[in-house]
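Report on the structure given below.
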Amino acid sequence: MLRPDSIAFTALLGLLTAFGPVATDMYVPSMPDIGRLLHASTAEVQLTLSAYLVGIAVGQVVYGPISDRYGRKPVLLAALVLFCLASALCSAAPDIETLIAARALQALGGSGAMVLPRAIVRDLYDGERAGRELSRIGAVMSVAPVIAPLLGGAVQLAFGWRANFLAVLAVGMLAAALTLRSMPETLQRKSAQAISMAHILRSYRIMIAHRMFLAHLGIIALSYAGLFAWISGSPFVLQDLYGLSAFGFAVAFAIGCIGTLAGAALAASVVESIGLDATIGIGSLALAGGGLAMVASMALVAHPVASFVLSAMLFETGLMLAMPQAMAGGMSPFPDRAGAASSLIGFVQQTSAAVAGAVVGHTLGRTAWPLAIAVATLGCATLLVWAISRNVRES
């Protein structure tokens, strides 16, 4: 078993948390091709992303409370098995409707791999130390959105879109094997209450009534929605409107994702010295700056591929400065309900992302303005929430 304070343990949690980016970013370069080969519209193809986000949100409602009752490891293993089965179904989908349904099922499994690492961190750490660990996990996770679209683009060119889901299946099988062999149980005291919907809702009501939790939750939801506005809109903007190939888009997307790695690494190095709130503030400024830079590039640049990508890089740097620290701050008041707190954060986070992705997917046409406006609005809203809720978060 791995020691909780070891680099290998952090790397394993990072691999698990990376399921979201891997399951999404591997196939993002294939989205236009999926539409052509399955005779689906842009909006229908975008639903494969929104269905995944909705599935992630729904799954996270229950995984945390169940893991508070039965332990982190057995619940995590069950989630990984479901993820692998659904990934195989995605690769064999004969039509867009089946693919949408399989993606939702894949998300129900993947949500456990996303919510439980946060609960594991809260089992072990608190405050700035938890923020640092979440940022370190984010730094490991951030390699995935840099590499995944490049691999996805290459696999798309060589083998077609179905092979991308087989690659995701391989990642899931590796994670399941490592979890079974090396993951220790971190929950020291299991909840004595039987699991019921009434118990789950009661826990969530307690959290929603907590003003500090709500302030951090707003920062998480708005910033993450901005990221998924970019993820859902950029394949069509950069390929269909600006003429990049699938692999060219993958390179551009990966360059933007370097910001997540930079932001996570910077947050891990400064959070214990300047504190959670200052780190969130710097990240919020970068989120707003990246969104406004995207709007400026639309207004001032005739063919804004490079400026779009650089704007997304700045936005994603801000995301990884702000979001892990906001998660640590939001979970800190609930050490005895770490799983439930992580679940509620994940549910709101993924729901907001699904809504943002759907809105951008349905409003894109012959211009990239809907994408730029969405990213700028959500980035500026994050900064505004951080600024007006400082007294609440510090109370």
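Some points to look at:
Quick grid of which residues meet (1) in contact with a His (Cβ under 6 Å, 6 or more places away or on another chain); (2) under 30 Å from L99 (Cα atoms); (3) surrounded by 19 or more Cβ atoms within 10 Å (Cβ to Cβ); (4) aromatic (F, W, Y):
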site	(1), (2), (3), (4)
A170	no, yes, no, no
A175	no, yes, yes, no
R181	no, no, no, no
P184	no, no, no, no
Q188	no, no, no, no
L201	no, no, no, no
M207	no, no, yes, no
G218	no, no, yes, no
S223	no, yes, yes, no
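- The sole residue among S111, S87, S135 that is touching a Pro at 6+ places or on another chain (Cβ under 8 Å) and crowded, with 24+ Cβ neighbours inside 10 Å is S135.
- Reported count of residues in segment 195-224, each being part of a helix (DSSP H, G or I), of a type in the set (G, A, S) and within 28 Å of G71 (Cα to Cα), is 3.
- Those residues of segment 169-188 which are part of a helix (DSSP H, G or I) and farther than 18 Å from A78 by Cβ, in sequence order: A170
- Of all residues in segment 225-244, those satisfying the criterion of being in a helix (DSSP H, G or I), of a type outside the set (V, I, T) and either surrounded by fewer than 23 Cβ atoms within 10 Å (Cβ to Cβ) or more than 15 Å from the chain's Cα centre (by Cα) (or both) are G233, S234, P235, F236, L238, Q239, D240, L241.
- When we screen A148, A139 for residues that are small (G, A, S), over 21 Å from A92 (Cα atoms) and part of a helix (DSSP H, G or I), the only hit is A139.
- Any hit, segment 164-183, residues being of a type in the set (S, T, N, Q) and within 17 Å of L49 (Cα to Cα): yes
- Qualifying residue in segment 373-389 (condition: β-branched (V, I, T), farther than 21 Å from G283 by Cβ and crowded, with 24+ Cβ neighbours inside 10 Å): no
- Residues in segment 67-81 that are of a type in the set (A, V, I, L, M) and surrounded by fewer than 20 Cβ atoms within 10 Å (Cβ to Cβ): L77, A78, V81.
- Within segment 326-350, the residues that satisfy the criterion of being polar (S, T, N, Q) and buried (at least 24 other Cβ atoms within 10 Å of the Cβ) are S342, S343, Q349, Q350.
- Checked against the criterion of being closer than 23 Å to A57 by Cα, crowded, with 19+ Cβ neighbours inside 10 Å and not acidic (D, E), the candidates A358, A293 yield just one match: A358.
- Taking the listed residues R162, R132, the one that is farther than 30 Å from A252 by Cβ, among the charged types (D, E, K, R) and either touching a residue at least 24 places away in the same chain (Cβ under 8 Å) or in a helix (DSSP H, G or I) (or both) is R132, with no other qualifying.
- Of all residues making up segment 1-32, the number that are farther than 15 Å from T179 by Cβ and in contact with a Ser or Thr (Cβ under 6 Å, 6 or more places away or on another chain): 0
- Helices (runs of 4 or more DSSP H) fully within segment 1-57 counting 2 or more residues that are at pLDDT 80 or above and of a type in the set (V, I, T): 7-17
- Within segment 270-296, the set of residues being within 23 Å of P370 (Cα to Cα) and hydrophobic (A, V, I, L, M, F, W, C) comprises L285, A286, L287, A288, L292, A293, M294, V295, A296.
- Which listed residue, of V392, V375, is assigned to a helix (DSSP H, G or I) and within 19 Å of the chain's Cα centre (by Cα): V375
- Restricting attention to segment 268-290 and to residues that are hydrophobic (A, V, I, L, M, F, W, C) and under 22 Å from V309 (Cβ atoms), the residue that is surrounded by the most Cβ atoms within 10 Å (Cβ to Cβ) turns out to be L287.
The values are calculated or read from the model by the stated rules, or taken from the named source; none is laboratory data. All of these numbers come straight from a predicted model, not from anything done at the bench. Using ideal geometry, Cβ is built from the backbone for each residue, glycine included, and neighbour counts are taken over all protein chains shown.
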